[in-house]
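Remarks on the structure that follows.
The values are calculated or read from the model by the stated rules, or taken from the named source; none is laboratory data. None of the values given here were measured: they were computed from a predicted structure. Reconstructed Cβ throughout: ideal geometry from the backbone, glycine too, with neighbour counts over all protein chains shown. Accessible surface is based on the protein model in full, side chains and every heavy atom, while ligands, DNA and RNA are left aside. Shrake-Rupley method; radii C 1.70, N 1.55, O 1.52, S 1.80 Å.
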Amino acid sequence: MLTHHVLFWLKADTTEDQKKAFRAGLDSLINVETIKSMYVGTPAPISRPVVDTTYTFSLVIVFEDLAGHDVYQVHPVHKAFLEEFRQYFEKVVIYDAQ
């Protein structure tokens, strides 16, 4: 199993409509056939020094293996998401674990 966790910080001038479209774009990634499960979320209202709530969206994807992840990286659905929404990213951090 491999988990792919992506945290997105969107630019400050991103509108609510653009955020809704971005969220829909994230949701569309489930159409990549190698994804076993996926969760899209926003920061929880938790206030503890060790919890980072500065990001805009969190994406967690579970793949069967590294090969599934590699398919995802070049998949047309993933590429279309990046092409359309990359312009909104201020910062992206990715954590992959197996």
Could you please find all residues in region 36-47 being among the hydrophobic types (A, V, I, L, M, F, W, C) and within 13 Å of the chain's Cα centre (by Cα)? Met38, Val40
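Quick grid of which residues meet (1) under 18 Å from Ile94 (Cβ atoms); (2) touching a Lys or Arg at 6+ places or on another chain (Cβ under 9 Å):
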| residue | (1), (2) |
| --- | --- |
| Arg23 | no, no |
| Val32 | yes, no |
| Ala44 | no, no |
| Arg48 | no, no |
| Val51 | no, no |
| Ser58 | yes, no |
| Ile61 | yes, yes |
| Asp65 | yes, no |
| Pro76 | no, no |
Test Ala44 against the criterion of being more than 12 Å from Phe8 (Cβ to Cβ), open to solvent by less than 90 Å² (accessible area, probe 1.4 Å) and out of contact with any Ser or Thr (no Cβ under 8 Å at 6 or more places or on another chain), and give yes or no. no
Taking region 54-98 on its own, how many of its residues are under 19 Å from Glu16 (Cβ atoms), open to solvent by 60 Å² or more (accessible area, probe 1.4 Å) and either among the hydroxyl-bearing types (Ser, Thr, Tyr) or touching a Gly at 6+ places or on another chain (Cβ under 9 Å) (or both)? 2
With the checklist (1) under 13 Å from Thr3 (Cβ atoms); (2) in a loop (DSSP other than H, G, I, E, B) in hand, flag the one item Asp96 doesn't pass. (2)
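Please go through region 9-32 and give me each residue that is β-branched (Val, Ile, Thr) and either under 16 Å from Lys79 (Cβ atoms) or in a helix (DSSP H, G or I) (or both), ordered by number. Show your work before the answer.
Step one: of region 9-32, the residues β-branched (Val, Ile, Thr) are 14-15, 30, 32.
Within region 9-32, Ile30, Val32 qualify.
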Mind checking whether some residue in region 26-33 is in contact with a helix residue (DSSP H, G or I) (Cβ under 7 Å, 6 or more places away or on another chain), charged (D, E, K, R) and open to solvent by 30 Å² or more (accessible area, probe 1.4 Å)? no
Six or more apart or on different chains, Cβ under 7 Å: which pairs go from a residue in region 8-22 that's at pLDDT 95 or above to one that's in a helix (DSSP H, G or I) and surrounded by 15 or more Cβ atoms within 10 Å (Cβ to Cβ)? Could you list them? Leu10/Lys19; Leu10/Phe22; Leu10/Tyr88; Lys11/Tyr88; Thr14/Tyr88; Gln18/Tyr88; Phe22/Phe85; Phe22/Tyr88
